Amino acid sequence: MILTERDNRIINVLQQQDFCFYKDIANKFFSSETSASLRLKKLKEKGFIRIESIYSPSFNKIMDTASMPFIGGNKKVIRLNNKYKLIKRKPSYWKIKHQLLLFSLKERLEKLLGHSAVFENDIRNLRDTLYNGKWEPLPDFYIKGEDYKLAVELELHIKSKGRYWRKTSDYRNSRFTHVLYVVTNVKKVNSLIRSFKHYKYIGIAHYSREDELTNFWYGKLSLLEWLKKRTK
């Protein structure tokens, strides 16, 4: 089997991200679901990729019952077959869970804001990340609109205050106008709000309600309302 340019692009994405939703790959690289199904099935038969159900026993161990509803219409994931992976080590359950939830969050925010997201691996290859002589911080992904540049951080666990302080300082000196921290545990929202009380440009939202956020200065408001405000 001879790989086409499109096949190589798909494999390159999978090498960078480990997992992708079947639906995302189909929408990004193919003109129709039929053509996606035929080609991806061929790549699977030849051993290049694996197509797995999210609701399989292996994924049920990773995704708890609270996480399952957030994957939306995505029912399958695509991963590279083991012999085509650049990195042989097996990713941790937490990394897999973070990545799958991140893809779902990205899909919902793209639909809400009408702009495409740029993932961390893509950010590393962009020249414009150098700002004022320093490299900008790397969010999980960002979305750039006409009047804003929104960084998105998905937090499965709350980190130390010192770690947040260092990163928020980098964000303050970057071109990111807004930083959205999305948490999966609603009980952790208040602690993050207290940690970020000095920053207008940081909002905290729960994963199941990404359009409803809290900012220490502005209180509770929608994501669209917050993006219209001048935060720096």
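A few remarks follow.
- Complete set of residues in segment 1-22 that are open to solvent by 60 Å² or more (accessible area, probe 1.4 Å) and of a type in the set (A, V, I, L, M): M1, I2
- Test result for I25, surrounded by fewer than 16 Cβ atoms within 10 Å (Cβ to Cβ) and in contact (Cβ under 8 Å) with a residue 24 or more places away in the chain: no
- Of the residues K228, K144, K159, K167, the single one that is basic (K, R) and either open to solvent by less than 40 Å² (accessible area, probe 1.4 Å) or over 19 Å from the mean Cα position of the chain (by Cα) (or both) is K228.
- Candidates Y199, Y142, Y164: the one that is assigned to a helix (DSSP H, G or I) and in contact with a Phe, Trp or Tyr (Cβ under 8 Å, 6 or more places away or on another chain) is Y164.
- Single residue of L38, L3 found to be of a type in the set (A, V, I, L, M) and modelled with pLDDT of 90 or more: L38
- Scan of segment 7-55 for residues that are over 21 Å from E107 (Cβ atoms) and charged (D, E, K, R), ordered by number: D7, R39, K41, K42, K44, E45, K46, R50
- Qualifying residue in segment 210-219 (condition: in contact (Cβ under 8 Å) with a residue 60 or more places away in the chain, under 21 Å from R108 (Cα atoms) and surrounded by fewer than 18 Cβ atoms within 10 Å (Cβ to Cβ)): yes
- Residues that are touching a strand residue (DSSP E or B) at 6+ places or on another chain (Cβ under 9 Å), at pLDDT below 85 and among the β-branched types (V, I, T) number at least 3 in none of the helices (runs of 4 or more DSSP H) confined to segment 47-133.
- If you go through segment 203-232 and keep only what is in a loop (DSSP other than H, G, I, E, B) and aromatic (F, W, Y), you end up with F216, W217, Y218.
- Number of positions in segment 148-161 that are of a type outside the set (A, V, I, L, M) and either assigned to a loop (DSSP other than H, G, I, E, B) or touching a residue at least 40 places away in the same chain (Cβ under 8 Å) (or both): 4
- Residue match in segment 176-195 (condition: among the charged types (D, E, K, R), outside any helix (DSSP H, G or I) and either under 18 Å from E110 (Cβ atoms) or open to solvent by 50 Å² or more (accessible area, probe 1.4 Å) (or both)): no
The values are calculated or read from the model by the stated rules, or taken from the named source; none is laboratory data. Bear in mind the structure is a predicted one, so any value in this text is a computation, not a measurement. Positions of Cβ are generated from backbone atoms using ideal geometry, with glycine treated the same way; all protein chains shown enter the neighbour counts. With ligands, DNA and RNA removed, areas are computed over all heavy atoms of the protein, side chains included. Shrake-Rupley method; radii C 1.70, N 1.55, O 1.52, S 1.80 Å.
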